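Notes follow once the structure below has been shown.
Only the coordinates and a few stated rules stand behind these numbers; no lab work does. Since we're looking at a predicted model, the values are computed, not measured. Counting neighbours? That spans all protein chains shown, and the Cβs are built from the backbone with ideal geometry, glycine included.
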Amino acid sequence: MDDADAVPVAELLDERRHLLEVTYWMLGDSREAENVVGETYRRWYGLSDRERGRITAPRHWLAKTAGGISLDLLARPRRGGTGRWDRSAEDLARTGDAEDAQAGLAAEVSRVLLDALDSLSPAERAAFVLNDVFGMASDTVADIVGRPESECVELADRARRSLRRQRSRSTPPDEQDLLARTVRQACVAEDAGLLESLLCPDVTAFFDGGGKVRALGRPVHGSRRVAHSLLTLLGRQPRTTLTTHSVNGRTGLIARYDRQVAAVVSLDIAEHRVAQVWVVLNPDKLRSWNQPPAIPDSGSHGGPSQQGDGSL
């Protein structure tokens, strides 16, 4: 490395932390994450100076390489149902202080959510983690996963639907409706205590801005932090309204600025509390919510048609 290749120490540490977080979310195991990141850097330094010089975005190359290694691990059979992967003779050597990595990352990631991710296919898990957790653009996700962009979008959508079904499968519609209305009441009243009491201690909130609005780029974990985030986003503001509405077939929330839908909120419930919150702020995904209502046929005796379920 010559002087032109020097990188500030803060950037180096941030880069490594980012790779650890990506691989930990994909694999759910801090030791595996450490191993993958170690192998990623080994591959980087295994390149010739000329090969490295042709890489204009090293961080992207490292993330793509780490993602590919993680996908290979996810595709392997688990050992005896323990959640650990079988290893071959060429497997990664254990390096680094895995306990320190676990301590830092576990504070950010809900174990309940990680367990739920185990039910997804490797490609679904990767697309969901890279898109929803780290807010990567769909073309970047496609580059890492190695599939067409449209397919990666569908993989992430399938993963979201699967995770929602897992957390809200047993919730009766009337309970869902009551809890959603109470969440709305707490947001409108800006009652942090009430809102926090409606959330599971390990609740996770995802904010999908699609890179089109300045939404939170990372999931928020824990009832206090999620309550604060929701009140900041949905609390009383001039010309803003918050109503309940059917979202993906279950009662959710719709935030409007003037008459334009600005956010659609899905609530997944487990054990009588909100376990996951999905906030869609991406204008592209909200386009169908902002279509003018259909004009009824002249022969129709019904009132104006209501907007559909608005599946997201």
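Key figures for this structure:
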{"item": "Gained length - Arg287 relative to Thr240, 0.36 nm times residue gap less alpha-carbon distance", "result": "15.1 nm"}
{"item": "Over region 112-195, relative contact order from alpha-carbon pairs under 8 Å, at least 6 apart, %", "result": "25"}
{"item": "Cβ-Cβ FRET estimate between Val213 and Glu175, R0 fixed at 22 Å, reported to 0.05", "result": "0.10"}
{"item": "In Hz, Karplus ³J(HN,Hα) per residue of region 186-194 (6.51, -1.76, 1.60; θ = phi - 60°; x = Gly, Pro)", "result": "5, 5, 5, 7, 6, 9, 5, x, 5"}
{"item": "Within-14-Å neighbourhood charge of Leu233 [Cβ basis; K, R +1; D, E -1]", "result": "+3"}
{"item": "Dimensionless Rg ratio for region 170-290, taking C-alpha atoms and the 2.2 N^0.38 Å reference", "result": "0.97"}
{"item": "Long-range amide H partners of Leu199 with built H, under 5 Å", "result": "Val274"}
